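Student: Let me begin by handing over the structure; questions about it come next.
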């Protein structure tokens, strides 16, 4: 007898709503939730491949405790009680001897983050961090500096846009299904897409205008756009007068940034820069300069992100139909927010964070996410204090933080490494204990508020029983906390208990989610009134081009532009990105996805390759100051001569992942760990590499 | 004769390969056989902009199929009611004659069973009034399944919109 379960995908972090068909406790079919506009059954390759993840025997099947040297793959099977007792016992000893601050917890932000934060507060450590900064720390900081909101609180009204400009925002391969369909339908109605990237992506091939910009010079382009927009008074004067502070300072700053100046820096003709400024202005405010998430990750990234957001402000497109919008949550529809366990009363933690996030190292970064790229530095140098244990939940420091070798060396120094994960990834394989998590089809999770123009609450519901001896993360943390004398902060037994607690003040019940898997809280899009109703969260209540957040920290809002030097011959900027069938570092071993894209290769410009004697398909050696790796060359005219490109997340070294093992090159191995100290992101596209034919 | 037609609207296709996985998971296929495949052509420059083409290649369910008459066991067959060309696995002996015969490479080899598999438009789904899995779950809904006699007008309409005012206005209107 088949049944249908509405739930939420977790093959990537987009979390599309899904409908799962279950027969005799087996998943027979997964499709996108047919009730959701923009989804209507649609599911990506990763989403369908969830069935293979469920059945995969190449994932951790029971708790494991290491018996040999780290990373050697020698394990013994443990019961849950034994493994939890062991971890809690070791954490207790370390907490006793070195203080709770010596324990770190890293994760990818997920639906249960309010529970993992509860865990860290309950054991008294300030050191909860997420993967966020590695991806978009500088986007977050740029938004806060200008609007008071972080990037997660802002969205793009793709469906109604008239012109969208994307800088390496490879939307058609990043594959947020709803966004893709909304943009395609806008384009079908005549919206224009301008795409700027040193490399031709799928998105570039769908664009009305494509510019192969010189790597790292996007900021110069944007300053020239601002120069033109201000000089020709193309901005939304009424909006800017009412909502934007600092136009005079901006005008003075971009005065020398002429399109002719930008042409020399970017390689884009001045006349085309001027044409774009005029063309976009014609459609204001229903225009978008997309602010995220790839593209030009350099040490000055935060100023690049700010420049895109400022262009939106000049167009009056922040909180406009077809522009950007501030996401509306439950309070916007007159309901109370979901309750969070992390809002309980805890003993106050006064210790500083291990990563200097929000203080000395990254003064204006978002300390609620932290800066994981400081992990190795903090451990190796005991700066600011000794670190002894790391627990990571679906967070993979070895492949996500640049310079894998140094990360491994730092891990060597730890007394305890615990992986709460669903994969035998590089980190889990290097850990002391694996606490295997049930996958999304085998568990329910905390409810998600999908804030937006029409706020919704979405439920991930368990579809089938766990295939192996695994548990949900929220249960693992509760059971660890109980063993460490902190069980009182986890007053639940089942996922239904968690849901009831979350919904307590909202006027909604679990049953409300049964028929469609989500609850819609508004029929109409909620946009604030533009004359007096915009609620910016800066000190001034306006968009602050001269940022009080920055100025108060002694950080300039408009530092002088530093020209980008061309790399010498045979040397390139290493750029990284993704394709439509893989998620970051986590799907390379999935049978179906591995079959489609089993390895990465190195895109290199035809002319550059010829001068180095490199032929298409030939193995080449890519070397940085950190490491060398071998990978096949893809010789193409569709990448700028100053850059080479590889897909993120390949070059696996864990033999238990037989399909992905040894295929392609790992980008994190080669990358140097350099950061944008203002924004908080690592400069993922900054590393210089030499390329030569492999012998 | 085959009543059905599977249309790919290339303008909306983003080459995400999802259809291939929808197909493989539904049919429970191992590594190797691809009942449908997206063939990427390009990128190349077209009128000053880079373009890629993603060509969707399932079985065309020919009215007069090459694969059926060459099958010595009668495993490759055409449904009389609606013309779907499919393999009856209990009769397939793995001789691969159909693979040789098909001009488009539609019949595929299943190394696990030692038999041929091919696109059958997910006929159990069609019989339930549903669409093939690749169509139902296509990310951009660029795949359309229907009767060949009820031709889709999407492309004609799009073309008409793009040229509608060309003669009335000296500058292009979108």
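Student: For the condition away from every other protein chain (no Cβ under 11 Å), part of a helix (DSSP H, G or I) and either surrounded by fewer than 19 Cβ atoms within 10 Å (Cβ to Cβ) or touching a residue at least 24 places away in the same chain (Cβ under 8 Å) (or both), what is the one hit in A:52, A:122?
Tutor: A:122
Student: Which of the residues spanning region A:349-363 are crowded, with 22+ Cβ neighbours inside 10 Å and part of a loop (DSSP other than H, G, I, E, B)?
Tutor: If the condition is that a residue be crowded, with 22+ Cβ neighbours inside 10 Å and part of a loop (DSSP other than H, G, I, E, B), then A:353, A:354, A:355 are the ones that fit.
Student: Suppose the filter is within 18 Å of residue A:236 (Cβ to Cβ) and either out of contact with any helix residue (DSSP H, G or I) (no Cβ under 9 Å at 6 or more places or on another chain) or surrounded by fewer than 22 Cβ atoms within 10 Å (Cβ to Cβ) (or both); does residue A:289 pass it?
Tutor: Judged against the criteria, residue A:289 is not a match.
Student: Turning to a different aspect of this structure: Show me the helices (runs of 4 or more DSSP H) found entirely inside region A:568-670 where at least 1 residues are under 30 Å from residue A:57 (Cβ atoms), touching a residue at least 60 places away in the same chain (Cβ under 8 Å) and touching a strand residue (DSSP E or B) at 6+ places or on another chain (Cβ under 9 Å).
Tutor: Filter on region A:568-670 gives A:667-670.
Student: I need the full set of residues from region A:141-191 which are farther than 19 Å from residue A:319 by Cβ and more than 11 Å from chain B (Cβ to nearest Cβ), in order please.
Tutor: If the condition is that a residue be farther than 19 Å from residue A:319 by Cβ and more than 11 Å from chain B (Cβ to nearest Cβ), then A:141, A:166, A:167, A:168, A:169 are the ones that fit.
Student: Follow-up question, since we're still on this one. With respect to the numbered conditions (1) in contact with a helix residue (DSSP H, G or I) (Cβ under 9 Å, 6 or more places away or on another chain); (2) crowded, with 17+ Cβ neighbours inside 10 Å; (3) farther than 20 Å from residue A:388 by Cα, which one is the sole condition not fulfilled by residue A:75?
Tutor: Among (1) in contact with a helix residue (DSSP H, G or I) (Cβ under 9 Å, 6 or more places away or on another chain); (2) crowded, with 17+ Cβ neighbours inside 10 Å; (3) farther than 20 Å from residue A:388 by Cα, residue A:75 violates only (1).
Student: Go through (1) within 14 Å of another protein chain (Cβ to nearest Cβ); (2) crowded, with 16+ Cβ neighbours inside 10 Å; (3) under 17 Å from the mean Cα position of the chain (by Cα) and name the single condition residue B:43 misses.
Tutor: Answer for residue B:43: the failing condition is (3).
Student: While we're looking at this one, here's another question. Residue by residue through region A:166-196, note down the ones that are at positive phi and buried (at least 23 other Cβ atoms within 10 Å of the Cβ).
Tutor: A:168, A:175
Student: Ok, one more. Can you name every residue in region A:75-92 that is under 15 Å from residue A:481 (Cα atoms) and out of contact with any strand residue (DSSP E or B) (no Cβ under 9 Å at 6 or more places or on another chain)?
Tutor: Once the filter is applied, which keeps residues that are under 15 Å from residue A:481 (Cα atoms) and out of contact with any strand residue (DSSP E or B) (no Cβ under 9 Å at 6 or more places or on another chain), region A:75-92 yields A:81, A:85, A:88, A:89, A:92.
Student: Quick check on region A:297-347: of everything there that is in contact with a strand residue (DSSP E or B) (Cβ under 7 Å, 6 or more places away or on another chain) and assigned to a helix (DSSP H, G or I), which residue is farthest from residue A:197 (Cα to Cα)?
Tutor: Of everything passing the filter in region A:297-347, A:330 is farthest from residue A:197 (Cα to Cα).
Student: Which condition breaks for residue B:11 when tested against (1) at the interface with another protein chain (Cβ under 9 Å from one of its Cβ atoms); (2) modelled with pLDDT of 95 or more?
Tutor: Every condition holds for residue B:11 apart from (2).
Student: Take residue B:21 and decide whether it is free of Cβ contacts under 8 Å to residues at least 24 places away in the same chain, part of a helix (DSSP H, G or I) and either more than 9 Å from chain A (Cβ to nearest Cβ) or buried (at least 20 other Cβ atoms within 10 Å of the Cβ) (or both).
Tutor: Against the criterion (free of Cβ contacts under 8 Å to residues at least 24 places away in the same chain, part of a helix (DSSP H, G or I) and either more than 9 Å from chain A (Cβ to nearest Cβ) or buried (at least 20 other Cβ atoms within 10 Å of the Cβ) (or both)), residue B:21 qualifies.
Student: Report yes if residue A:549 is under 30 Å from residue A:427 (Cα atoms), touching a residue at least 60 places away in the same chain (Cβ under 8 Å), more than 14 Å from every other protein chain (Cβ to nearest Cβ) and not in a loop (DSSP other than H, G, I, E, B), otherwise no.
Tutor: No, not satisfied.
Student: Still on this structure, please answer the following. For the list (1) in contact with a helix residue (DSSP H, G or I) (Cβ under 9 Å, 6 or more places away or on another chain); (2) closer than 29 Å to residue B:9 by Cβ; (3) away from every other protein chain (no Cβ under 14 Å); (4) at pLDDT 95 or above, I need the number of the one condition that residue B:72 fails.
Tutor: Exception for residue B:72: condition (2).
Student: If you check residue A:241 against the conditions, is it over 26 Å from the mean Cα position of the chain (by Cα) and either within 14 Å of another protein chain (Cβ to nearest Cβ) or in contact (Cβ under 8 Å) with a residue 40 or more places away in the chain (or both)?
Tutor: no
Student: Just one of (1) surrounded by 15 or more Cβ atoms within 10 Å (Cβ to Cβ); (2) closer than 30 Å to residue A:692 by Cβ trips up residue A:565, so point out which.
Tutor: (1)
Student: Please tell me if residue B:105 is within 11 Å of chain A (Cβ to nearest Cβ), closer than 17 Å to residue B:119 by Cβ, part of a loop (DSSP other than H, G, I, E, B) and in contact with a helix residue (DSSP H, G or I) (Cβ under 9 Å, 6 or more places away or on another chain).
Tutor: no
Student: Out of all the residues in region A:417-452, which are in a loop (DSSP other than H, G, I, E, B) and within 20 Å of residue A:13 (Cα to Cα)?
Tutor: Listed by number, the residues that qualify are A:422, A:423, A:424, A:425, A:438, A:439, A:443, A:444, A:445, A:446, A:447, A:451.
Student: Here is a follow-up. Anything in region A:12-38 that is over 16 Å from residue B:131 (Cα atoms), assigned to a loop (DSSP other than H, G, I, E, B) and within 11 Å of chain B (Cβ to nearest Cβ)? List them, or say none.
Tutor: If the condition is that a residue be over 16 Å from residue B:131 (Cα atoms), assigned to a loop (DSSP other than H, G, I, E, B) and within 11 Å of chain B (Cβ to nearest Cβ), then A:16, A:38 are the ones that fit.
Student: Additional query: Restricting to region A:55-70, name every residue that is surrounded by 17 or more Cβ atoms within 10 Å (Cβ to Cβ) and either within 14 Å of another protein chain (Cβ to nearest Cβ) or assigned to a loop (DSSP other than H, G, I, E, B) (or both).
Tutor: Within region A:55-70, A:56, A:58, A:59, A:60, A:63 meet the criteria.
Student: Please count how many residues of region B:33-90 are in a strand (DSSP E or B) and on the phi < 0 side of the Ramachandran plot.
Tutor: Matching residues across region B:33-90 total 24.
Student: How many residues does region A:487-517 hold that are outside any helix (DSSP H, G or I) and crowded, with 20+ Cβ neighbours inside 10 Å?
Tutor: Final tally of qualifying residues: 2.
Student: What about residue A:321, is it within 14 Å of residue A:285 (Cα to Cα) and surrounded by fewer than 22 Cβ atoms within 10 Å (Cβ to Cβ)?
Tutor: It is true that residue A:321 is within 14 Å of residue A:285 (Cα to Cα) and surrounded by fewer than 22 Cβ atoms within 10 Å (Cβ to Cβ).
Student: Looking only at region A:158-179, count every residue that is closer than 17 Å to residue A:576 by Cα, at pLDDT 95 or above and out of contact with any strand residue (DSSP E or B) (no Cβ under 6 Å at 6 or more places or on another chain) and tell me the total.
Tutor: 6
The values are calculated or read from the model by the stated rules, or taken from the named source; none is laboratory data. Small disclaimer: the values here were computed from a predicted structure and weren't measured. With ideal geometry, Cβ positions are generated from the backbone for all residues, glycine too; neighbour counts draw on all protein chains shown.
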